[in-house]
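**Q** Sharing a structure with you now.
The values are calculated or read from the model by the stated rules, or taken from the named source; none is laboratory data. What you see is a predicted model; the values in this text were computed from it and never measured. Cβ atoms come from the backbone with ideal geometry, glycine included; neighbour counts cover every protein chain shown.
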Amino acid sequence: MSFYSHTTGCMIQTQARKNERRIYWAKFIATEWASIVAIVWYLNMELIRTEQVALTYSKLQTVAIIQDELLRQAENVYHCVYRDKKQSAVRVVDCRHSKIDGRYGMIRRYDHRQQSYCVALKPTKGAVSNDNTVIVSPQNLESADPRMSVHDYNSKRKLETLNVSMKNPFTSGVFEVQFRPSVFESVRQAFKYPHENSDSAFNLMRQLIDQVEKKEQEDKERIEREQIEHERNLQNMMATKKSRQDHPRKRHRTHNAMPMLGRSVQICSHWKAKYEHFTKRKSVNASSTDEHLFTLPFITTDQTLFKLDDILTIVNCPNAATIDEIGYLEDFGSHEIVVTESSLDSLRPGHDLDDSVVDTCLHW
């Protein structure tokens, strides 16, 4: 008798626990199902508002193939937008199935046809398959957060917009609907069950969507203006020369401008060649004799030296009519003045002047 009484007592306790879980989950199921039904209504209204279907709401309800697809999409929308992972964490208990009893998982959706939850179980070590989705009755689920309230259950949205795409069963095209949680929540605050007040709820929904779309368009235009201004300011900052408008007196270009890339390459090559030239000359002069620049007096074979007197007045040479070039060269002196590169380097501050430089200045 004691064995049977113990077994009976265990069964009674198990059934009592199941009843408590069923009552516990009932209020959350009602909240979730009401939201899904409202989302189905929202998707129906969006199809009508965007004129993707030429039917009224009452007639659209009679098209079962569309309504079944909208229901599946509404369940997915609720899961993506509102389902909270922490609040959906559960443990499977009292199911009399050794493979899933005691395992943890997360609620994916509520199947109203089977009146059960679709639960994704955490994979076990050494599991071959990654598909751990099972259908579990609410009486066999324990919530990881027993203090969870109905008011807070999946109440915070995770997305601001969600694009819903589903196949059109009558054509080869698809239905494209944008779900806006902010509009949906505002409509539900005014109408707890919007499908029961469809016309009034639809008018409010249309007004809210128009306001949101207007604000989105204004934000889009503002961003485009800011992008244009940013691009213009960036170009002005990176420009190496001012624009033609900033130089109203600048002479107009008589030839086409060189390409920017080619011009930059040319400038870089020019300065690189200059640097290499001076570096090479410095290294050569350090190891060899100075480079010859000129010798005074200037030796010429014609009258070019005297002809310079008419242009370069600083050259104080005698008149060619009175003294010939040979006589002038004889009066200059018997010693030639040879000016080299080192002679010019002596002109730099901190260096002693070369004799050839002093002699040049005295006879010039």
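**Q** Name the one entry in Tyr82, Tyr78, Tyr110 that is touching a residue at least 60 places away in the same chain (Cβ under 8 Å), within 41 Å of the chain's Cα centre (by Cα) and under 17 Å from Tyr24 (Cβ atoms).
**A** Values: Tyr82 fails: under 17 Å from Tyr24 (Cβ atoms); Tyr78 fails: under 17 Å from Tyr24 (Cβ atoms).
Exactly one residue qualifies, and that residue is Tyr110.
**Q** Here's something else I'd like to know. Quick one: which of Thr50, Thr31 is under 18 Å from Val150 (Cβ atoms), surrounded by fewer than 18 Cβ atoms within 10 Å (Cβ to Cβ) and either modelled with pLDDT of 90 or more or among the aromatic types (Phe, Trp, Tyr) (or both)? Don't jump to the end; show me each part of the working.
**A** Working: Thr50 fails: under 18 Å from Val150 (Cβ atoms).
Sole residue among the options that is under 18 Å from Val150 (Cβ atoms), surrounded by fewer than 18 Cβ atoms within 10 Å (Cβ to Cβ) and either modelled with pLDDT of 90 or more or among the aromatic types (Phe, Trp, Tyr) (or both): Thr31.
**Q** Next up: Quick test for you: out of Gly350, Gly333, Gly327, pick the one residue that is modelled with pLDDT under 65 and either exposed (fewer than 12 other Cβ atoms within 10 Å of the Cβ) or among the acidic types (Asp, Glu) (or both). Please lay out each step first, then the result.
**A** Values: Gly350 fails: modelled with pLDDT under 65; Gly333 fails: either exposed (fewer than 12 other Cβ atoms within 10 Å of the Cβ) or among the acidic types (Asp, Glu) (or both).
Just a single option satisfies the conditions, and that option is Gly327.
**Q** Still on this structure, I have one more. Return the residues of segment 195-217 that are modelled with pLDDT under 90 and surrounded by 13 or more Cβ atoms within 10 Å (Cβ to Cβ); say none if nothing qualifies.
**A** Selection gives His195, Asn197, Ser198.
**Q** Of the residues that sit in segment 128-150 and are more than 30 Å from Leu204 (Cα to Cα) and of a type in the set (A, V, I, L, M), which one is surrounded by the fewest Cβ atoms within 10 Å (Cβ to Cβ)? I'd like the intermediate steps shown before the answer.
**A** So the first thing to find is which residues in segment 128-150 are more than 30 Å from Leu204 (Cα to Cα), and the list is 128-148.
Next cut, of a type in the set (A, V, I, L, M) only: 128, 134-136, 141, 144, 148.
Working: Val128: 5, Val134: 18, Ile135: 11, Val136: 20, Leu141: 22, Ala144: 13, Met148: 16.
Checked segment 128-150; the qualifying residue surrounded by the fewest Cβ atoms within 10 Å (Cβ to Cβ) is Val128.
**Q** Could I ask something else about it? Counting only residues that are within 29 Å of the chain's Cα centre (by Cα) and surrounded by 11 or more Cβ atoms within 10 Å (Cβ to Cβ), how many does segment 151-165 have?
**A** The number of residues fulfilling the criteria is 6.
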